[in-house]
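Enquirer: Got a structure for you, questions after.
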Amino acid sequence: MIDFPFTPIADHPLFRADEIRRALFYAPGYVVAVPAENADAFERHLVSDEPPQWAAISELRRHAIQAEKSWHDLLSRPFTPVCLTLYLNNECNLLCRYCYAMPSSRHAPRLRPEVVAAAADTVARNCLEQNRPFTVVFHGGGEPALDQPFAEHILDTVESVARRYGLSLLRYIATNGTMSEQKAAWLAERFDMVGLSCDGPADIQNSQRPRLGGGDTAKAVERTARIIHAAGKTLHVRVTVTRDSAARQPEIADYICAHLRPAEIHVEPVYRVGRGEQDETALRDAEGFTRAFLEARAIARRWGVPWLNSGSRPGEIHGPYCHVMRDVLQLVPGEIATTCLKTTDRAQADAGGYTIGGSDGHGGFTIYAERIAAIRSSLAATPDSCQSCFNRYHCVRACPEYCPVTDNNQRLGSFRCQVHQLLANALIRETATSLPVGGNGIAGAPVRLS
Ligand code: SF4
Ligand code: SF4
């Protein structure tokens, strides 16, 4: 558990942790170190109505107020997506042990190009109004590059909408990378950024992410990475960590940095959703996972590569992964948009109450504002166990394993909660340790992220 834990000190999100020689004061995203002998006076001043005596007090108060405001904005601002995420087809050529999407091995329903065009039109109008680029994300629910001509047609459709509005388009694809050289070259040519899933060295990759019907995938993934680099495109890697691979994270980091050379590595403990619900891959030892994660991060840092986890992001005010809190419109087969990343078709979205928009049947796309408001009101309720947590504004909580939209009494998986706290705490303490100490010994800084 955390040595010298943070405890709340006021109504605003302000927290204090007493170490041996100093106290740390924390507001979301900002940490201040104060010599132990001055800590009580600092706290009295921090929570008083008096004008700030030290710059560090202004910064803490500002971050605390800003966090509450940003959280309120996330839940109340109009839903105007500037990113279109497409779950093209719920089909895949791999049989990953933990897949949350559970794609079909046979032909499954696909997105309809005319519905993609209508949704792209909605996104393009928002981009134009907000003067922002259009981002399109090709995602699985399976492997989005499985049917290359279909993916090509959908990309052409989105490009033509972006062109009509005079918008620049950022094209991102999340892929398993197990494909022919020809297809990898096509993908590298047509997309600006590629997110490649790779769980580590060959023995881990081949056992956690085998081909459907059997067969290794590690060599194909390495080749795809080389092709993406040769085309000069940006490569990110996503690593899913299971019980079997958790302790090997340092080795995984070294392998990926050396062989795949990504710009960033995103590391997620396996979600207990879909096939991942099976107990055999689930992680339980939060301290062991976090220790190995931090060792791996130090190795990746030596390669100049950020080793990141999305469950707790202290540089950002955020809650669950829900799209209604982000600027993302996610389409799934069945002509609808869903708020939930784990839904891959209309039946799942409707059953969970996640459907937030749909084709109007006449070439338009309708956003369901009332449903979005209802989902946001479920997300606004902070579980009792999170109320006094120093990390409450930087945490996805139990999403996507337990969902506050469908379960009012959501259980916070203790593993994820502990990992989020341990990782956020590590970033805060690291920042505090590197603070330059001024004349009065008080120093503060935004929390460093990787
Ligand atoms: S599990 Fe619930 S909170 Fe998480 S993304 Fe899905 S709908 Fe949103
Ligand atoms: S889930 Fe855990 S880490 Fe996240 S806000 Fe709640 S108590 Fe804090």
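Enquirer: Mind checking the log10 I(q)/I(0) for region 236-298 at q = 0.13, 0.25, 0.27, 0.29 Å⁻¹? Debye, one equal scatterer per Cα, no solvent, two decimals.
Expert: -0.34, -1.05, -1.15, -1.24
Enquirer: Continuing with the same structure: Quick check: from the Cα gyration tensor, does region 284-344 come out rounded (a/c under 1.5), prolate or oblate? Please report the intermediate quantities before stating the final value.
Expert: Numbers: a/c = 2.53, a/b = 2.27, b/c = 1.11.
In terms of gyration-tensor shape, prolate.
Enquirer: Please list, in chain and number order, the residues 5+ apart from R112 or on another chain whose amide H is under 5 Å from its amide H, with Hs placed from the backbone.
Expert: Distant-sequence amide H within range of R112: G334, E335.
Enquirer: Measure out, as a whole number of angstrom, how far apart the alpha-carbon centroids of region 367-435 and region 1-25 sit.
Expert: Rounded to whole Å, the Cα centres lie 19 Å apart.
Enquirer: Rounded if a/c is under 1.5, else prolate if a/b is larger than b/c, else oblate: which is region 196-267, with a ≥ b ≥ c the root eigenvalues of its Cα gyration tensor?
Expert: On the way: a/c = 2.14, a/b = 1.24, b/c = 1.72.
The shape class here is oblate.
Enquirer: Then there's this: Given H placed on each backbone N at 1.01 Å, which residues far from E264 in sequence or on other chains put an amide H within less than 5 Å of it?
Expert: V237
Enquirer: Given the convex hull of the Cα atoms of the chain, what is a quarter of its surface area in nm²? Let's see the in-between values first.
Expert: On the way: hull surface 87.8 nm².
If I average the Cα hull's projected area over directions, I get 21.9 nm².
Enquirer: Rg to Rh for region 258-410: what is it, with Cα atoms only and Rh by Kirkwood?
Expert: 1.01
Enquirer: Using the alpha-carbon atoms, what tilt in degrees (0 to 90, nearest 10) does helix 181-190 show relative to the longest principal axis of the chain?
Expert: Approximately 60 degrees, to the nearest ten.
Enquirer: Still on this structure, please answer the following. Restricting to region 83-367, what percent of DSSP beta bridges are antiparallel, rounded to 5?
Expert: On the way: 11 of 43 bridges.
Among the beta bridges of region 83-367, antiparallel pairing accounts for roughly 25 percent.
Enquirer: Is it possible to state the helix-based mean residue ellipticity at 222 nm for the chain, with each DSSP H run of 4+ residues giving -39500 (n - 2.57), the sum divided by total residues, to the nearest 500 deg cm²/dmol? What is it? Spell out each step's value before the answer.
Expert: On the way: 12 runs with 162 residues, N = 450.
Rounded to the nearest 500, it is -11500 deg cm²/dmol.
Enquirer: Based on the alpha-carbon gyration tensor of region 109-225 and its eigenvalue square roots a ≥ b ≥ c, which shape applies: rounded if a/c is under 1.5, prolate if not and a/b is larger than b/c, or oblate?
Expert: Verdict is prolate for region 109-225.
Enquirer: I'd like the orientation of helix 218-230 relative to the chain: the angle between its Cα long axis and the longest Cα principal axis, in ° from 0 to 90, rounded to 10.
Expert: The two axes meet at around 80 degrees.
Enquirer: Taking the chain as the reference, fit the longest principal axis to its C-alpha atoms, fit the long axis of helix 286-302 to the helix C-alpha atoms, and give the angle between the two in degrees, 0 to 90, nearest 10.
Expert: Helix 286-302 sits at roughly 80 degrees to that axis.
Enquirer: For region 83-367, what is the charge dipole size about the Cα centre, in debye to the nearest 20, if Lys and Arg each add +1 at the Cβ and Asp and Glu each add -1 at the Cβ? Write out the running numbers ahead of the final one.
Expert: Details: 32 positive and 33 negative charges, 84 e Å.
Approximately 400 debye in magnitude.
Enquirer: Still on this structure: Taking every alpha carbon pair in region 342-450, what does the distance histogram look like in 5 angstrom bins from 0, in percent?
Expert: 2, 10, 15, 16, 13, 12, 10, 8, 6, 4, 3, 1, 1, 0
Enquirer: Moving to a separate point now. Of all beta bridges DSSP finds with both residues in region 255-396, what is the antiparallel percent, to the nearest 5?
Expert: Numbers: 9 of 12 bridges.
About 75 percent, rounded to the nearest 5.
Enquirer: Determine the dipole magnitude for region 1-51: charges of +1 sit on the beta-carbon of Lys and Arg, -1 on that of Asp and Glu, nothing else is charged, the reference point is the Cα centre, and the result goes in debye to the nearest 20.
Expert: Numbers: 4 positive and 9 negative charges, 32 e Å.
Dipole about the Cα centre, nearest 20: 160 debye.
Enquirer: Related question: Quick one: what Rg and Dmax do you get for region 1-73 from the alpha carbons, in Å?
Expert: Taking only Cα atoms of region 1-73, I get Rg and Dmax of 12.1, 38 Å.
No value in this document is a laboratory result; all are computed from the given coordinates. Model, not experiment: these values are computed from the prediction. Cβ atoms come from the backbone with ideal geometry, glycine included; neighbour counts cover every protein chain shown.
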